[in-house]
Structure formats: structure tokens, C-alpha cells
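The values are calculated or read from the model by the stated rules, or taken from the named source; none is laboratory data. If you're wondering where the values come from, they're calculated on a predicted model, not measured in any experiment. Cβ atoms come from the backbone with ideal geometry, glycine included; neighbour counts cover every protein chain shown. These accessible areas exclude ligands, DNA and RNA; they are computed on the full protein's heavy atoms, side chains included. Shrake-Rupley method; radii C 1.70, N 1.55, O 1.52, S 1.80 Å.
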Amino acid sequence: MTTSDLVGLRIKTVRRQRGLSQAQLAHPELSDSYVSLIESGKRTPTPAVLELLANKLDCSLSYLINGVTAEQMEDIELALGYARLALENGEVAEARTRFAELLGNSNLAGLTSLRQEAEFGLALATEAAGDLDQAISILLKLRAEELSPDRAIEVAVALCRAYRESERLSEAVEAGEQFLSGNARQPWNDLLVELAATLLMAYYERGDMLRARQFAAELLNAADALGTPRSIVAANWNASIIARVTGHTDEAVTFIERALAVQMEHGQPRNTARMRLQATRTRLRSGAQDPVNAREALRAAVTEFEQTSTSTIDQATLYLELACAEYMSHDLDSAAEHARASRSLLPSFGHVAGAEADLLLARIYGAVGRTEEGREIAAGVEGWLSPLPDTRRSASHWYATAETMEQLGDAGGAVDAYRRALACAGL
């Protein structure tokens with residue numbers, strides 16, 4: 001049945017329940033023939049007529065439009081609010097359960113906008129729980145629907161990010177570029193800058209450093225032209241990462257400091273927590289902050305991460321960075337503990353963070369004289385890196401693996417890893 005058919009059927013049902021004829025319902029504002037046409041689905045009533053009929057029938061407007069009573073609508077909106085709150089507070093499992101239960105409510109079927117919001121919330125909660133394949137599946141289903149302009153961008157951002165976190169980098173780039181290069185793309189706004197920033201990281205992780213550097217400059221210009229806090233944060237945050245990995249350390253610190261200052265004044269807790277991590281990481285790796293101070297800042301960030309809806313990938317990154325700071329501070333026991341914690345939060349498939357965690361563990365074992373165990377862990381890095389595409393980024397991790405193996409006295413393993421690094425670099 002069409003929407004007009006369903007609306008007409010509801011009007012007829014309630015009219016009969018009230019004991020009214022078509023003429024009685026119509027009088028004096030409408031004609032009985034017009035009411036008949038509405039009830040048969042041959043005419044679509046205007047919003048003003050629908051409101052009039054709802055008042056005369058003593059029922060809610062939402063029921064005539066969607067088949068949902070005012071009380072049912074209130075329950076749905078309340079449940080959606082609780083699910084959102086759980087996600088924002090970092091209660092990922094509860095949020096996922098609440099969104100799933102809400103989607104099981106048959107009253108939601110006719111409420112397209114609210115259903116899409118619940119499905120998007122479920123995708124975000126699923127992503128935060130580390131179930132990236134399922135999150136991608138939900139997002140692809142949503143993308144195929146007719147969405148509002150803002151929701152379409154939000155879905156594209158989440159899909160690009162989920163593909164990137166899954167190390168499906170070509171699909172991440174495709175998801176971002178497909179939306180940004182569309183013929184009907186609207187002018188830059190906050191959401192489009194956030195999508196572009198997510199795409200920027202996919203370029204970086206795929207090893208397209210020239211494109212990443214150029215795109216970062218375009219993104220910064222777009223954000224400066226907009227002048228909004230969200231766009232400034234998104235552009236400067238990710239431009240900082242590109243600047244750091246391309247050796248422009250002063251730029252990296254400047255960009256991240258600007259992003260953090262704006263984020264702390266205007267941003268949400270989840271992204272503030274993630275940005276504190278990125279700022280500390282940038283300062284530490286550029287020599288602008290000593291390892292002991294960085295270690296204390298990162299330890300404080302653990303609680304902040306636990307209280308917000310950061311994903312398991314975010315948490316793994318935090319523990320890995322904390323382990324690096326502890327290693328540089330010669331707190332080797334804590335470094336090993338947090339490197340293992342990082343590794344335990346990662347997906348079982350190839351992931352560069354898993355390689356970084358294992359390489360750090362291997363170095364720690366070598367530093368405390370457990371050389372043979374260190375060699376075994378370093379050899380296991382192949383399991384993290386082999387499934388990944390051959391990119392310059394993969395090459396850098398194979399090179400780090402080779403150096404670690406060489407330090408641990410595994411000459412044969414080091415030679416093989418150096419060869420893999422050269423192959424990934426196309427040499």
C-alpha cells in the first residue's frame with residue numbers, strides 16, 4: 001500500500017471507531033466527497049488538513065501519518081535518547097543492545113527518519129565495540145537508502161573510517177572520494193570537512209603521501225574559509241598527522257595545538273580524549289615533550305577514554321602509545337603490560353597497530369635479556385603485516401621489523417624483512 005492508502009485507511013478506521021459518517025467528519029470545513037477520496041487513497045491531504053482531521057477524530061497527528069500513537073512516539077524517542085546517551089558515555093555494549101532492541105520495535109518501521117537514526121547509532125556502537133565487518137554491513141545498507149543530506153555525509157564518514165580501521169584502505173578511499181567527487185556535492189560545511197579529514201587519513205595509511213600532503217593543504221584552506229570550530233579541529237587534527245609523518249614536525253605541533261585548543265573549548269568528550277592522545281603523541285615523537293611527562297599524561301587519558309565512547313581501536317592506540325612512553329622512560333614492566341593490552345584489543349586480522357605492539361614487546365624482551373622470546377615475538381609480526389596491501393606504510397613497518405630482528409640477533413629474519421620492505425616500496 002502507498003503512504004496515501006495507509007493514511008486514508010487510518011482515517012477511515014478511527015472515523016468508524018468514533019461512530020462518525022464521512023459527512024459528519026467533513027462538516028463544515030471539508031466536503032464529504034473530499035473525505036471519501038482521502039480515505040480511498042485517491043487524494044493526499046495537506047499537512048493542514050491532516051491536522052484538522054486529527055483534531056476532529058481526537059487522535060494524534062503522528063498516528064494518522066505513521067500509524068504510531070503519541071504515547072508510542074514518546075516511548076520511541078525516549079528509548080532513542082537513552083541509547084544515544086549510553087553511546088556518548090562509553091557504555092558501548094549497552095548502547096548496542098538498546099539500539100538493536102529499538103530496531104526490533106514494529107512501530108519504528110513507518111518512522112523512516114527515526115529508524116535510520118537508530119540504525120546509524122547501532123552502526124556506531126558496533127564499530128566502537130570492534131565489530132567492524134558488521135558495522136560496515138549496517139552502513140552499506142543505510143547508504144543504499146534515501147537519506148537526508150547530513151545523514152548521507154555522516155554515513156560516508158563512518159563507512160570511510162570503518163573501512164580504514166579494517167585496513168581495507170582502497171575501499172576507504174573509494175567511499176570518501178565517491179561522495180566528495182559527486183556532481184551534486186554541496187559547498188564545504190563541517191560534515192564535509194570531517195569526511196575529507198577521514199579520507200585524508202586513508203590516503204596516509206595507504207601510503208599516498210604526496211596526495212595526502214596536497215589534500216591536507218586543501219582541507220586547511222576549506223576549514224579556514226568556514227571558520228567553524230568543527231572544521232578547524234578536523235582539518236588541523238589530521239593535517240598534524242600528515243605533517244609529522246612527512247618530517248614537518250614544527251607544523252605538526254602547531255596544527256595539533258590549534259586543534260586541541262579549539263576542541264577543548266567547543267568539542268565533545270570522545271573527540272577531546274582522542275585529541276589529547278594525538279597531541280601527546282605528536283609532542284613526544286617530535287621531541288617537544290619528555291617521555292616521563294608524556295607517560296603521566298597518557299596514564300591520565302586512560303580514565304578519560306573509559307568514560308567516553310572511544311572505540312576499541314582508539315583504546316588500543318592509547319595503550320600502545322602509553323607503552324612507548326613507558327619504554328622510553330625505562331619503565332619496562334609497565335610498557336610490556338600495556339603493549340599486551342593494546343594487542344588484545346585489536347582484531348585478529350592484519351593490523352599495523354598489532355605489528356607495532358609486538359615489535360615493542362620484542363624490544364622490551366631483548367632489553368631484559370629474554371632474547372629468544374623477543375625473537376619469537378618479532379617473527380610473529382609477519383602475521384600482522386602479510387595480509388596488508390603493499391604500500392609505503394607497510395614498507396616502513398617491515399623495515400622496523402627488520403631493524404628489531406637485527407637488534408635481537410636474528411640475521412636471517414632481518415634479511416627477509418628487509419626484502420619485504422623493499423618489495424612493498426616497489427624496489
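Could you check Val262 against (1) at pLDDT 85 or above; (2) within 22 Å of the chain's Cα centre (by Cα); (3) open to solvent by 40 Å² or more (accessible area, probe 1.4 Å) and say which number it fails?
Unmet for Val262, out of (1) at pLDDT 85 or above; (2) within 22 Å of the chain's Cα centre (by Cα); (3) open to solvent by 40 Å² or more (accessible area, probe 1.4 Å): (3).
Quick check on my filter: what residues within segment 304-324 are small (Gly, Ala, Ser) and part of a loop (DSSP other than H, G, I, E, B)?
Ser309, Ser311
Restricting the search to segment 213-232, which residues are polar (S, T, N, Q) and not in a helix (DSSP H, G or I)?
Thr228
Ala95: among the small types (Gly, Ala, Ser), surrounded by 16 or more Cβ atoms within 10 Å (Cβ to Cβ) and within 30 Å of Ala125 (Cβ to Cβ), yes or no?
Yes: the conditions hold for Ala95.
Applying the selection to segment 201-214, what residues are under 21 Å from the mean Cα position of the chain (by Cα) and either open to solvent by 60 Å² or more (accessible area, probe 1.4 Å) or at pLDDT 95 or above (or both)?
Arg206
Here are some residues: Leu210, Leu139, Leu159. Which one is assigned to a helix (DSSP H, G or I), of a type outside the set (Asp, Glu), free of Cβ contacts under 8 Å to residues at least 24 places away in the same chain and out of contact with any helix residue (DSSP H, G or I) (no Cβ under 7 Å at 6 or more places or on another chain)?
Leu210
Look at Ala26 and say whether it is under 15 Å from Asn66 (Cα atoms), surrounded by 13 or more Cβ atoms within 10 Å (Cβ to Cβ) and not β-branched (Val, Ile, Thr).
no
Being touching a residue at least 24 places away in the same chain (Cβ under 8 Å), out of contact with any helix residue (DSSP H, G or I) (no Cβ under 7 Å at 6 or more places or on another chain) and more than 22 Å from Thr308 (Cβ to Cβ) is the requirement here; does Ala152 meet it?
yes
Are any residues in segment 280-296 modelled with pLDDT of 85 or more, aliphatic (A, V, I, L, M) and either on the phi > 0 side of the Ramachandran plot or surrounded by 20 or more Cβ atoms within 10 Å (Cβ to Cβ) (or both), and if so, which ones?
Across segment 280-296, the qualifying residue is only Ala294.
Determine whether Glu74 is closer than 14 Å to Ala118 by Cβ and open to solvent by 80 Å² or more (accessible area, probe 1.4 Å).
Spelling it out, it is not the case that Glu74 is closer than 14 Å to Ala118 by Cβ and open to solvent by 80 Å² or more (accessible area, probe 1.4 Å).
Among Leu37, Leu6, Leu61, which is the only one that is more than 30 Å from Glu94 (Cβ to Cβ), open to solvent by 50 Å² or more (accessible area, probe 1.4 Å) and touching a residue at least 60 places away in the same chain (Cβ under 8 Å)?
Of Leu37, Leu6, Leu61, the one residue that is more than 30 Å from Glu94 (Cβ to Cβ), open to solvent by 50 Å² or more (accessible area, probe 1.4 Å) and touching a residue at least 60 places away in the same chain (Cβ under 8 Å) is Leu6.
Under 8 Å by Cβ, and 6 or more places apart or on different chains, what pairs join a residue from segment 71-82 that is touching a residue at least 24 places away in the same chain (Cβ under 8 Å) with one that is assigned to a helix (DSSP H, G or I) and open to solvent by 60 Å² or more (accessible area, probe 1.4 Å)?
Taking only residues 6 or more apart or on different chains, the pairs are Ala79/Arg98; Ala79/Glu101.
How about segment 67-117: which of its residues are part of a helix (DSSP H, G or I) and charged (D, E, K, R)?
Answer for segment 67-117, where residues must be part of a helix (DSSP H, G or I) and charged (D, E, K, R): Glu71, Glu74, Asp75, Glu77, Arg84, Glu88, Glu94, Arg96, Arg98, Glu101, Arg115, Glu117.
Applying the selection to segment 216-236, what residues are open to solvent by 30 Å² or more (accessible area, probe 1.4 Å) and of a type outside the set (Ser, Thr, Tyr)?
Ala217, Glu218, Asn221, Asp224, Ala225, Leu226, Gly227, Pro229, Arg230
Taking Glu304 as meeting all but one of (1) crowded, with 23+ Cβ neighbours inside 10 Å; (2) within 20 Å of the chain's Cα centre (by Cα), write down the number of the exception.
(1)
Kindly list the number of the only condition in (1) open to solvent by 10 Å² or more (accessible area, probe 1.4 Å); (2) over 16 Å from Ala325 (Cβ atoms); (3) under 19 Å from the mean Cα position of the chain (by Cα) that fails for Arg276.
Unmet for Arg276, out of (1) open to solvent by 10 Å² or more (accessible area, probe 1.4 Å); (2) over 16 Å from Ala325 (Cβ atoms); (3) under 19 Å from the mean Cα position of the chain (by Cα): (2).
Give Ala378, Ala411, Ala425 a once-over and let me know the one that is at pLDDT 90 or above, open to solvent by less than 50 Å² (accessible area, probe 1.4 Å) and over 20 Å from Arg168 (Cβ atoms).
Exactly one of Ala378, Ala411, Ala425 is at pLDDT 90 or above, open to solvent by less than 50 Å² (accessible area, probe 1.4 Å) and over 20 Å from Arg168 (Cβ atoms), namely Ala378.
Considering only residues of segment 99-142 that are charged (D, E, K, R) and at pLDDT 95 or above, which is least open to solvent (accessible area, probe 1.4 Å)?
Ranking the candidates gives Glu119 first.
Let's see how each residue does on (1) surrounded by 24 or more Cβ atoms within 10 Å (Cβ to Cβ); (2) over 26 Å from the mean Cα position of the chain (by Cα); (3) of a type in the set (D, E, K, R); (4) at pLDDT below 90:
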| residue | (1), (2), (3), (4) |
| --- | --- |
| Ser311 | yes, no, no, yes |
| Ala323 | yes, no, no, no |
| Met328 | no, yes, no, no |
| Leu332 | no, yes, no, no |
| His338 | yes, no, no, no |
| Ser342 | yes, no, no, no |
| Leu345 | no, no, no, yes |
| Ser348 | no, no, no, yes |
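Looking only at segment 162-204, how many residues end up being within 21 Å of Phe120 (Cα to Cα) and outside any helix (DSSP H, G or I)?
3
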